[in-house]
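Structure record follows, encoded as structure tokens.
The values are calculated or read from the model by the stated rules, or taken from the named source; none is laboratory data. Predicted, not measured: the structure shown is a model, and the values here were computed from it. Ideal geometry is used to build each Cβ from the backbone, glycine not excepted, and the neighbour counts take in all protein chains shown.
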Amino acid sequence: MLSLSSCWNSHRHLEGDDIVKDALRLGFEYIELSHGLKVTHLPDIINRVNRREIKISSVHNFCPSPVEVMMDAPDVYEYTSLRRAERERALDLTRRTLETTARLGADRVVIHLGCVRMRPYTDRLETLVDQGKIYSRDYNRLKLEFVTKRAKVAQRYLDRSRSALDLLLPLCEEHRIKLGIETRSHFEQVPSEAEMFQLVDHYKDSPWIGFWHDFGHVQRKANLGLLNHLEFLTKIAPRLIGCHIHDVTWPAQDHRVPFTGGDVDFDTLIPLIPKDIPWVWELSPTQRQSVVAQQLPIWKSRFGN
């Protein structure tokens with residue numbers, strides 16, 4: 001199913017009805033309710049769903065947005081936090097997201113796990129790449145330092161993430177909702193691709209834990225030489241329960257409309273994606289509606305709905 005994330009237009013509208021109208025006007029039958037969606041948007045959207053005018057492909061944690069947070073901030077609370085109160089708040093908000101998802105009749109939630117607490121490196125590497133220094137001695141030294149330092153401390157953060165997931169599983173089973181662990185854009189974030197496969201193995205017998213491939217996030221890491229996009233997707237594809245579709249302008253401007261000059265090789269990668277899962281266009285609010293309208297038929301002609 002082809003879907004449009006509300007992250008593209010929810011900030012522009014006071015009424016949930018207008019969020020839905022935008023999607024329908026473009027030709028989407030499904031939307032993903034994303035982080036940043038306000039609780040005041042929900043009544044209109046619920047009414048539209050009940051009238052079968054729109055379908056919900058998925059919901060992105062945290063949704064609705066925490067009332068105490070005045071901006072779109074999906075990582076404001078993390079399961080990996082050193083602070084117990086923050087971890088508990090993240091769990092409480094996720095439970096609320098699961099309840100919202102069940103109310104809307106959807107069956108999957110996209111989640112971020114958190115990050116490793118360390119000095120940030122990804123932005124520095126992207127700056128060097130943007131300067132044409134990807135093969136320089138400085139770049140290789142910094143990347144090796146980054147990967148080595150992260151590896152030394154990462155396990156404790158992954159363990160915190162697993163503990164949170166284990167606490168959420170009973171509610172997932174109660175509501176019959178799957179959690180999709182999303183691939184992230186920064187190597188400081190959890191899980192790394194190697195950690196993703198640890199989670200695949202750990203939850204291999206659980207029907208409620210799946211994985212969510214974000215094309216733009218993974219491409220950003222590929223542009224830094226941290227992974228091979230095709231190789232990673234080939235391995236993870238059988239466990240995917242959804243994906244986020246967006247392009248990347250070299251090296252790190254993501255959430256662009258597909259086929260507008262980005263780096264993602266959709267023609268090679270899309271055939272690997274299961275066809276019975278949500279393919280969600282997750283676009284930056286800066287992307288113009290006219291461009292979305294122009295490129296969507298091209299997408300459908302290549303890959304269908």
- Item | Residue that is nearest to PHE211 (Cα to Cα) [pool: residues in segment 253-305 that are surrounded by fewer than 17 Cβ atoms within 10 Å (Cβ to Cβ) and basic (Lys, Arg)] | LYS275
- Query: Is it the case that segment 126-135 has a residue that's under 22 Å from the mean Cα position of the chain (by Cα), in a helix (DSSP H, G or I), modelled with pLDDT of 95 or more and surrounded by 14 or more Cβ atoms within 10 Å (Cβ to Cβ)?
  - Reply: yes
- (1) crowded, with 20+ Cβ neighbours inside 10 Å; (2) modelled with pLDDT of 95 or more; (3) not in a helix (DSSP H, G or I): which one isn't true of THR94, the others all being true? (3)
- Task: Just give me the residues in segment 1-50 being touching a residue at least 60 places away in the same chain (Cβ under 8 Å), in a helix (DSSP H, G or I) and over 25 Å from ASP75 (Cα atoms), in sequence order.
- Result: ASP22, LEU26
- Item | Matching residues in segment 52-89 - criterion: being surrounded by fewer than 17 Cβ atoms within 10 Å (Cβ to Cβ), under 23 Å from ARG108 (Cβ atoms) and among the small types (Gly, Ala, Ser) | ALA73
- Item | Positions within segment 66-91 being under 24 Å from PHE211 (Cβ atoms) and in a loop (DSSP other than H, G, I, E, B), in sequence order | ASP72, ALA73, PRO74, ASP75, VAL76, TYR77, GLU78, TYR79, THR80, SER81
